[in-house]
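Structure, as structure tokens:
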Amino acid sequence: MEVERAKVVKEELFEQDTRFLAVYVETKNSCVIMLSEKEDKLGTMAVAVPKPPNMLGPVSSQVLLGEKNAVSARMFAEYVASKKGKIAMVSVYLDKLSEMQAQAFLMHLLEKVLRAESDKEAATT
């Protein structure tokens, strides 16, 4: 019996003369995502845990590391946890742009990564 390995997706996006990068790793019970400006770097990190299917209520989340991009890190972690139904850890590193300036670009990049991962999964089944 073969053990399923982690799925890895790398994507990038160019907006306003800026390169945004994503590294996405998905395992059976979790997703880890690094969202960065200019180069792959670890930034403010948040974790979100989805509620079990039989419980009502929002996803719970907590910032683990840093504070500069805490709002975005938590928001994206909660989004991925609720969408995938798995523990999600998201890191957000921004160099020049503010959180508010970069949020729409990072969300677009995150959607691109999630689409690429589901397309990859559909191709292998």
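FYI, it's all coordinate maths here, none of it is from the lab. Computed from a prediction, not measured in an experiment: that's the story for all the values here. Cβ sites come from the backbone with ideal geometry, for glycine too, and all protein chains shown count toward neighbours.
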Sequence-distant or interchain residues sharing an amide H contact under 5 Å with residue 38, placed H: which? 19, 20, 21
Using r as the Cβ-Cβ distance of residue 10 and residue 63, and R0 as 22 Å, what FRET efficiency do you calculate, to the nearest 0.05? 0.35
I need to check one value: relative contact order of segment 7-124, counting alpha carbon pairs closer than 8 Å and at least 6 residues apart, in percent. 28
For the chain, with only Lys/Arg (+1) and Asp/Glu (-1) charged at the beta-carbon, what is the dipole magnitude about the Cα centre, in debye rounded to 20? 340
Please enumerate, by chain and number, the lysines with C-alpha under 22 Å from the C-alpha of residue 28, excluding those fewer than 8 residues away in the same chain. 7, 10, 51, 83, 84, 86, 112, 120
Show that you can apply the helix-only estimate: for the chain, add -39,500 (n - 2.57) for every DSSP H stretch of four or more residues, divide by all residues, and state [θ] at 222 nm to the nearest 500. -11500 deg cm²/dmol
Would you list, by chain and number, the aspartates and glutamates whose Cα falls below 20 Å from the Cα of residue 68, excluding same-chain residues fewer than 8 positions away? 37, 39, 40, 78, 95, 99
Pairwise centroid distance, computed over Cα atoms, of segment 57-77 with segment 7-21, Å: 21
